[in-house]
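Student: Take a look at this one; I'll ask things after.
The values are calculated or read from the model by the stated rules, or taken from the named source; none is laboratory data. Only a predicted model underlies this, so the values are computations on that prediction, with no experimental measurement involved. Every residue, glycine among them, receives a Cβ derived from its backbone with ideal geometry; neighbour counts consider all protein chains shown. What goes into the accessible areas is simple: the full protein's heavy atoms, side chains included, and nothing from ligands, DNA or RNA. Shrake-Rupley method; radii C 1.70, N 1.55, O 1.52, S 1.80 Å.
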Amino acid sequence: MKHSLKEWFAVTRYWSFPVSVMPVVVTTAYLAWIFEASLINWLNAVLALVGIVFFHAGGNVISDWADYRSGVDNENAFAVPNLVFHKFKPQEYLKFGTVLLAIGVAIGLVLVLRTGWTLLLVGLLGALLTVGYSFFKYRALGDLTIFLNFSILPILGTTYVAIGSFCWDALVLALPVGLITVAVLHANNTVDIESDKTAGIKTFAMLLGVKTSAKLYVAYMLIPFICVFGAVLVGRLPWLSLLCLIALVPAAGNIRAARQYVAKGKDALMGLDQKTAQLQLSFSVLLTLGLVIAAVI
């Protein structure tokens, strides 16, 4: 079965890449504000960006393969259709995902050699969370796994490769960037509550129930903006970081959709995961822009 490059690219769920790319970008911009630009290893930062994209893409593909194998993705679930409707063979997904992960690992090892073996600890934990994501997700630990893998670890890893040591102050970005990313997963899991029950797994959204899950999504939309505002007030971020408040406009649309879920059912949330990933992009780009301008002036 032959597939076009466009079809292979779609398999990676490329629309979700902002959730992995932007933590690296925002963290690098934060370092440029804190330190002199000459102290930052820009090549390492770019390699980290490329590596995390391959790692994320491989994780997406392997996750879809695991969901199909376990029966979580089926014709009755809101799932990626390629495997469910036999557009791709499961072994094609497995091989493709493995190749993508291998490229990500190779780039990570190059960074380890260029920086230090301490980075390997971050990489190993990230690999464990990526490969074991389905295991954690099925036991209601998916939200925590995503927060660690797409917020804490990339932020700390980026600081290490860029300046040669961990910059713990950069974790001020963890909640603003991380919670929007978690909201992508949470939106998807909220839609899939009934089908996930049928599949015999437990997600965090399932444990909370429909009404509470919808309310938590709203919190995921609001807390990042509150965190940035608070960090600016106490001097942890420059005032230009408030540019990200412009992203409240698309966030408000997502909040309206979540509040309609109880009345309209899952149709109100269809596509909300992609809209949340788009919000991550706009929020993080605006935050990055504010940090870069603050660094320049």
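Student: Identify the single condition in (1) part of a helix (DSSP H, G or I); (2) touching a helix residue (DSSP H, G or I) at 6+ places or on another chain (Cβ under 7 Å); (3) of a type in the set (A, V, I, L, M) that residue 237 does not satisfy, given that it satisfies every other one.
Tutor: Condition (1) is where residue 237 drops out.
Student: Just the residues that are assigned to a helix (DSSP H, G or I), modelled with pLDDT under 85 and under 14 Å from residue 8 (Cα atoms), please, taken from segment 83-101.
Tutor: Matches in segment 83-101: 83, 90.
Student: While we're here: Could you figure out which of (1) touching a residue at least 60 places away in the same chain (Cβ under 8 Å); (2) out of contact with any Asp or Glu (no Cβ under 9 Å at 6 or more places or on another chain); (3) within 17 Å of residue 26 (Cβ to Cβ) isn't true of residue 274?
Tutor: (3)
The rows are residues; the columns are (1) open to solvent by 20 Å² or more (accessible area, probe 1.4 Å); (2) out of contact with any Leu (no Cβ under 8 Å at 6 or more places or on another chain); (3) in contact (Cβ under 8 Å) with a residue 12 or more places away in the chain.
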{"site": "164", "(1), (2), (3)": "yes, yes, yes"}
{"site": "170", "(1), (2), (3)": "no, no, yes"}
{"site": "180", "(1), (2), (3)": "no, no, yes"}
{"site": "189", "(1), (2), (3)": "no, yes, yes"}
{"site": "198", "(1), (2), (3)": "yes, yes, yes"}
{"site": "203", "(1), (2), (3)": "no, yes, yes"}
{"site": "206", "(1), (2), (3)": "yes, yes, yes"}
{"site": "220", "(1), (2), (3)": "yes, no, yes"}
{"site": "229", "(1), (2), (3)": "yes, no, yes"}
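Student: Follow-up. Restricting the first residue to segment 138-151 and requiring it to be modelled with pLDDT of 90 or more, which pairs with a second residue that is of a type in the set (Phe, Trp, Tyr) meet a Cβ separation below 6 Å and a spacing of at least six or different chains?
Tutor: 143/204; 145/133; 145/136
Student: Scan segment 172-193 and tell me whether some residue there is closer than 30 Å to residue 70 by Cβ and of a type in the set (Ser, Thr, Tyr).
Tutor: For segment 172-193, residues closer than 30 Å to residue 70 by Cβ and of a type in the set (Ser, Thr, Tyr): present.
Student: Moving on to the next point. Scanning segment 127-150 for residues that are in contact with a Leu (Cβ under 7 Å, 6 or more places away or on another chain) and of a type in the set (Gly, Ala, Ser), which turns out nearest to residue 196 (Cα to Cα)?
Tutor: Looking at residues that are in contact with a Leu (Cβ under 7 Å, 6 or more places away or on another chain) and of a type in the set (Gly, Ala, Ser), I get 140.
Student: From the set of residues in segment 103-150 that are assigned to a loop (DSSP other than H, G, I, E, B) and open to solvent by 50 Å² or more (accessible area, probe 1.4 Å), which is farthest from residue 45 (Cα to Cα)?
Tutor: Only one residue fits best here, namely 141.
Student: Taking the condition closer than 30 Å to residue 35 by Cα, open to solvent by 30 Å² or more (accessible area, probe 1.4 Å) and basic (Lys, Arg), does residue 236 pass?
Tutor: Here the answer is yes, as residue 236 does meet what is asked.
Student: Six or more apart or on different chains, Cβ atoms under 6 Å: show the pairs whose first residue is in segment 30-58 and under 23 Å from residue 236 (Cα atoms) and whose second is among the β-branched types (Val, Ile, Thr) and part of a loop (DSSP other than H, G, I, E, B).
Tutor: Sorted first by the residue in segment 30-58, then by its partner, the pairs are 31/40.
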